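What follows is a short report on a single structure.
Where a number appears in this text, it was derived from the coordinates with a stated rule and is not lab data. What you see is a predicted model, and the numbers here were worked out from it, not measured in a lab. Note that each Cβ is placed from the backbone with ideal geometry, even for glycine, and that neighbours are counted across all protein chains shown.
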Ligand SMILES: [Zn+2]
């Protein structure tokens, strides 16, 4: 569970510059059109730019090549990139017979993931944030409390990452209460290069069928969060300095967890959580599973499943690092 900070219903149009368009003689030619007050780009042109084939269907449109693929659904925000569920910020639409996606989604989700179009930075210090603690138990399962499981997983992840040579610090080492704003503040004080907040989910008591993993990054400024299509805060938060890296990190970590656990993919989502909003480095929040689901609760409490989750997160961080350093 996590606290949601809903943005103001204030709309602002951002104009992205195609900076990468001008730095090559044969830069991409990507046409755009206005729709619902936003710039939308022609998916056909994006596919050409990526060297992919566009495959339009009745309700969806795919772009794919041997190295990657993405699926867009008309009038729905949910899609897939490289097989992984993603919530796009705005619904794709058909402009006559031409599939269109928003420029926000192209620049801030599709391009970072499909082309590793992210800023490079050093990755020395990683700060792990075990959700909740002390008087805040977080979600309550039948047998286990979220605050205990998040701490166990963070400790395991710390060991794995330290063995890989990273310096790893935590926002709490024990069962202590830490205020939400103090978590990113601690990370900043530790000069974190990366921030990973670990949580377990709950669908509420009595809702036992929902299960799976979700990974969140901060909603880009001017865009709606996954849970609320109407809330579009134009305020640029600290964490919005890292929009592209945030989503790419979310993708790497989410993919790593899914690969290692085989859990249900509930997708990469965008939300304005306090710990992400105030982050001063690329940051994600993972929801490792549902304590309201008995099987998943049991799994999350075992060392072997915690290993799978944490190996998955570590694998994601290493993949992210590799993309940074071009290794
Ligand atoms: Zn939580």
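Structure above, values below:
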| quantity | calculated |
| --- | --- |
| Protection proxy ranking of 189-200, 219-230 - average other beta-carbon atoms within 10 Å, highest first | 189-200, 219-230 |
| Relative contact order [Cα under 8 Å, 6+ residues apart], the stretch 49-192, whole percent | 15 percent |
| Degrees, to the nearest 10: 303-325 long Cα axis against longest axis of the chain | 40 degrees |
| Structure-based [θ]222 nm, the chain - -39500 (n - 2.57) summed over DSSP H runs of at least 4, per residue, nearest 500 | -9000 deg cm²/dmol |
| Length-normalised contact order of the stretch 220-327 in % [C-alpha pairs under 8 Å, at least 6 apart] | 33 percent |
| Degrees separating the helix 243-261 axis from the principal Cα axis of the chain, which is the longest one | 60 degrees |
| Where labels lie 7 Å past Cα in the beta-carbon direction, separation of residue 210 and residue 142 in nm | 1.9 nm |
| Mean separation of Cα contacts under 8 Å (6+ apart) over length of the stretch 31-115, as relative contact order % | 23 percent |
| Cα gyration tensor category, rounded, prolate or oblate, for the stretch 105-236 with a/c compared to 1.5 | oblate |
| Label point distance in nm, residue 164-residue 75, each placed 7 Å from Cα along Cα→Cβ | 4.3 nm |
| Mean-position separation - Cα centroids, the stretch 77-114 and the stretch 241-288, in angstrom | 17 Å |
| Angle between the chain longest axis and helix 146-163 axis [Cα atoms, degrees, rounded to 10] | 80 degrees |
| Residue order, fewest to most surrounding Cβ atoms within 10 angstrom, among 61, 217 | 61, 217 |
| Three-way shape label, the stretch 211-264, alpha-carbon gyration tensor, a/c 1.5 | oblate |
| Protection-proxy order for peptides 306-314, 151-159, 111-119, 244-252, each taking the mean of Cβ atoms within 10 Å per residue, highest first | 244-252, 306-314, 151-159, 111-119 |
| Cα shape, the stretch 125-325, gyration tensor, a/c 1.5 rule | rounded |
| Sorted peptide list for 174-180, 316-322, 139-145, criterion being average Cβ within 10 angstrom, highest first | 316-322, 139-145, 174-180 |
